[in-house]
Amino acid sequence: MENLFNRSQQARPRYSSRGKPVQSVHQKSAGIKPATKVVQIPVHSVSYDPDRSFPTQKSDEVAQAPDRRSASALRIQKVFRGYMVRKNVKRIMSIRKEVDEIERKLLCGETAELIRRDERERLRVNETLMSLLFKLDSISGVDAGVRECRKGVIKKAISLQEKVDSIVSCS
């Protein structure tokens, strides 16, 4: 009986270390020749220009190398700064959602009444706001827009803390 696993291995051509197809003993005896089709794949660099002549002298290559390096370094820095801005804004927005949720709960009459009556609930809300402020402090202001966004959320959280204190002092 034929081995089914062996059949699937024979269907794929094998290659030697030199890149030439190798025929197995079974293929040679059956007269099967492996399919050899050479496909050329053009390779282009990012700044490929077919009309541009390449420098022939070593001095031209050395003169252009720092320009390419600095341009590449600038590109990497821009991409990284963009990544950091997106990451920080995403973190700030998630904290802002939590602050908005606390504000929504405070505007509800039941929660305000619970804060007025229960010391533990007031402490829980204050601790939550403080932990959110600590998270906001840990975010670095890479960009002016990130700093402004962070400042706005910090002001809102502080105003909510003052609101909680005013709810307690009114009773």
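Read-outs throughout are calculated quantities, based only on the coordinates presented, and are distinct from any laboratory measurement. Just so we're clear, the structure is a prediction, and the values are computed from it rather than from any experiment. Ideal geometry is used to build each Cβ from the backbone, glycine not excepted, and the neighbour counts take in all protein chains shown.
What FRET efficiency comes out for the pair residue 118/residue 159, r = Cβ-Cβ distance, R0 = 22 Å, nearest 0.05?
Step by step, r from the Cβ atoms, then E = 0.50.
If the chain between residue 107 and residue 138 were fully stretched, how many nm would it gain, using 0.36 nm times the residue separation less the Cα-Cα distance?
Result: 8.3 nm gained on full extension.
Sum up the charges of everything whose Cβ sits under 15 Å from the Cβ of residue 97, counting Lys and Arg as +1 and Asp and Glu as -1, but leave residue 97 out.
With Lys, Arg at +1 and Asp, Glu at -1, the neighbours total +4.
Apply the a/c threshold of 1.5 to the C-alpha gyration tensor of segment 81-171 and tell me whether it is rounded, prolate or oblate.
Note, shape of segment 81-171 comes out prolate.
For the residue pair residue 169 and residue 85, what label-to-label distance in nm results when each label sits 7 Å from Cα along the Cα-to-beta-carbon direction?
For residue 169 paired with residue 85, the spin-label model returns 4.0 nm.
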